[in-house]
Structures are given as structure tokens and as C-alpha cells.
Amino acid sequence: MNFDAKVAFETIRFTELRRRLLELHPDLDEQTLNDTLEGATNFKEALAALIRSALEDECLAKALKERMEAMRSRLSRIDARASSKRQVAVETMETADLRKLTEADFTASIRLGPPSVSILNEDELPIDYLMPQPPKPDRRAILAALTGGAIVPGAVLAEPKVSLSVRSQ
């Protein structure tokens, strides 16, 4: 049984047993009720296992993010190194007036690439050559305005969501 199903099953057992115990013994103190429920169900163990699993997944996700960042950084360095080596090869071939280099595993040649655009002053470009960008909500500004008491048409403060806080030793 997976974590979700086990927790759901134990939650149903726990809440139903709690309801029945309180129905039969309305004067039952909280400590006795909790002790009885803990002995009769695996709810807390199932919930603890689910939270431990979430903590493990969060650790794995964090480690993967760090590894991916390191790999992106490495990729960037390798790309830059390859680009630099290509540039040195082009400059060397131009200096030596060598237009083509044929080897067993590759053939390299220098040629002019296609023309490209260099923008000198973006402010001087006619509107026909500018791409419109769709506006998007500035959520931080809207939140600041709403929490400051302002009315922002089309937006309201949402009810806070319940979240799980887990502290580990």
C-alpha cells in the first residue's frame, strides 16, 4: 500500500474511532483519548512515514537542483571553451591564409557567415521593428498594495493556505 493510501486509511480509522470514543465517553480527557487512539491505530506512524518520505524527497530535489546547477555551470564553461577554440582556429587559418583543412575525421573550412543585425540605438528603431510584449501582473506590487489596504480592481487577498512546517534535529 502506498503512503497516500495508507495515510488515508489510517486517517479514516483514527477519525472514526475518535468520534465513537467521544460519543460513548463524552467526559474522556484529552490525554486518555490520545493514548487510546495511539494504541488502537497506526495513524501517527503512517503520517510520520509520509512526512519522512516528503523530507527525503525534498533532500533529493535539493541535491538534484544543486547538481543541475553545477552541470549547467560546467556546460557553460565547456561551451565557452569550445567557442574560444573555434575562434582561435578561425583566426589561425585566416592568418595562415588556409581556407580548408582536411583530416581523416573532419574537414574544416572558413567562410563568411550570413549577415547579422547590430542594434546601435534601440530607441531610434521604428515601431514596426519592435515586438510587443504582453503585459503580465506584477504580483509583488499587487500584494504590497492589497496588504497596505489599497483596493486593486481585479485582485483580492486570497485566504492563506495551510502548510506543513517540519523541523528536524
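Observations
- Each residue of the stretch 124-137 is assigned a 3J(HN,Hα), and the resulting list reads 8, 5, x, 4, 4, 9, 10, 8, x, 10, x, x, 9, x Hz, derived from the Karplus form 6.51 cos²θ - 1.76 cosθ + 1.60 (θ = phi - 60°), x at Gly and Pro.
- Reachable lysines, given that their alpha-carbon falls under 21 Å from the alpha-carbon of LYS100 and they are not under 8 places away in the same chain: LYS85
- Mean separation of Cα contacts under 8 Å, 6 or more apart, over the residue count of the chain: relative contact order %: 12
- The separation of the stretch 1-41 from the stretch 56-90, counted between C-alpha centres, amounts to 51 Å.
- Between SER73 and ASN121, the distance separating the two model label sites (each 7 Å from Cα on the Cα→Cβ line) works out to 4.1 nm.
- When the Cα atoms of the chain are aligned to their principal axes, the ranges along those axes come out at 98, 55, 28 Å in descending order.
- A simple rule links phi to the HN-Hα coupling: the Karplus curve 6.51 cos²θ - 1.76 cosθ + 1.60 with θ = phi - 60°, which for the stretch 72-85 gives 4, 5, 5, 4, 4, 5, 5, 4, 5, 5, 5, 4, 4, 5 Hz, with x for Gly and Pro.
- Rg followed by Dmax, in Å, when the stretch 64-106 is reduced to its Cα trace: 15.9, 48
- Computed from point charges on the beta carbon alone (+1 for Lys and Arg, -1 for Asp and Glu), the dipole magnitude for the chain about its Cα centre is near 500 Debye.
- Between LEU101 and ALA108, SER109, the built amide H atoms are under 5 Å apart, and every one of these is 5 or more places off in sequence or on another chain.
Every read-out reported here was derived from the displayed coordinates using simple, explicitly stated rules and does not represent laboratory data. Model, not experiment: these values are computed from the prediction. No Cβ is skipped: glycine too gets one built from the backbone with ideal geometry, and neighbour counts run over all protein chains shown.
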